[in-house]
Amino acid sequence: MKAKILLVEDDINLGDVLCDYLELQGYEVTRVMDGVEGLEAYKAQLFDLLLLDVMLPRKDGFTLATEIRELNQQIPIIFLTARGQTEDRVTGFKSGCDDYITKPFSSEELELRIGAVLRRCQLPEQNGQANTSSGIFPLGKYTFDSLNHELRIEDRRIGLTTKEVELLRVLYSHKNQLITREKTLKAVWGSDNYFIGRSMDVFITKLRKYLKDDPDISIVNVHGTGFRLEVKE
């Protein structure tokens, strides 16, 4: 089946080029011109991935991504932008994106990034360890349901984004063991760039908050080296 992509890009020429190229690569593309139309299009049908320009009329890409994340925490989002500052990239990841590509870029690079994000969001095997058939893992007082993107404890359900699931999967696969920052970044984001590292720290903080109701679970920061998911059993 063709992956369905929502492209929100107000540059007419770039949008036409991207639509033509991605359709040639086998994707089904819906294109709109601004952030308000982007939210309407997202609500109107199902998509597998979103390509969002940052500088959009009526509603910018960061705001659009934040609003979509309130509706769906799992759908992959890639930002397209002419702005390359580290702060903007961090803002992009904080608003829930899975990747960030700065203009100008080649169509081939974009297609490769789309393919990589789609593969990562299908929760591939990590570190050679196969998924269980159910995708459900015991984690102290919690149940980690990777397929349904949630943590459960007693009668509470905590929804997780795709990146939070992938990060927790990597930490879980090294439970009570040290895993380096570089290995974690490459396993989840495919890169160990500085600005992505800052974004990962935000995700680590979120996971700690989600797991705070079990005192026997902690994500320990080993200064200058990496992390360790400690679970007392």
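Details
- Ranked by the mean number of other Cβ atoms within 10 Å per residue, highest first, peptides 38-46, 95-103 order as 95-103, 38-46.
- FRET efficiency, 1/(1 + (r/R0)^6) with R0 22 Å, evaluated for LEU46 and ARG119 via beta carbons: 0.70
- Calculated FRET efficiency for the pair THR205/PHE105, C-beta based, R₀ 35 Å, to 0.05: 0.70
- Radius 12 Å from Cβ of GLY115, net charge of other residues (Lys, Arg +1; Asp, Glu -1): -2
- Options (1) 7, 31, 37, 22, 3, 0; (2) 8, 33, 39, 18, 2, 0; (3) 7, 32, 34, 19, 7, 0 - which one matches P(r) over Cα pairs in 10 Å bins from 0, in percent as calculated here: (3)
- Modelled this way, with points 7 Å down the Cα-to-C-beta line, the labels at ASN148 and ASP216 are 2.3 nm from one another.
- Rounded to the nearest whole Hz, the Karplus-based 3J(HN,Hα) values (6.51 cos²θ - 1.76 cosθ + 1.60, θ = phi - 60°) of the range 166-180 follow the sequence 4, 5, 5, 4, 5, 4, 5, 5, 10, 3, 6, 10, 6, 10, 6, with x at glycine and proline.
- Length gained when the stretch ASP16-VAL36 is fully extended (0.36 nm per residue, less Cα-Cα span): 5.2 nm
- Residues with amide H under 5 Å from that of LEU49, placed H, sequence gap 5 or more: LYS4, LEU6
- Compared with the direct C-alpha span, the chain from GLN177 to LEU71 gains 34.7 nm at full extension, assuming 0.36 nm per residue.
Throughout, read-outs are computed from the coordinates displayed, never taken from laboratory work. Since we're looking at a predicted model, the values are computed, not measured. We place every Cβ from the backbone using ideal geometry, glycine too, and count neighbours over all the protein chains shown.
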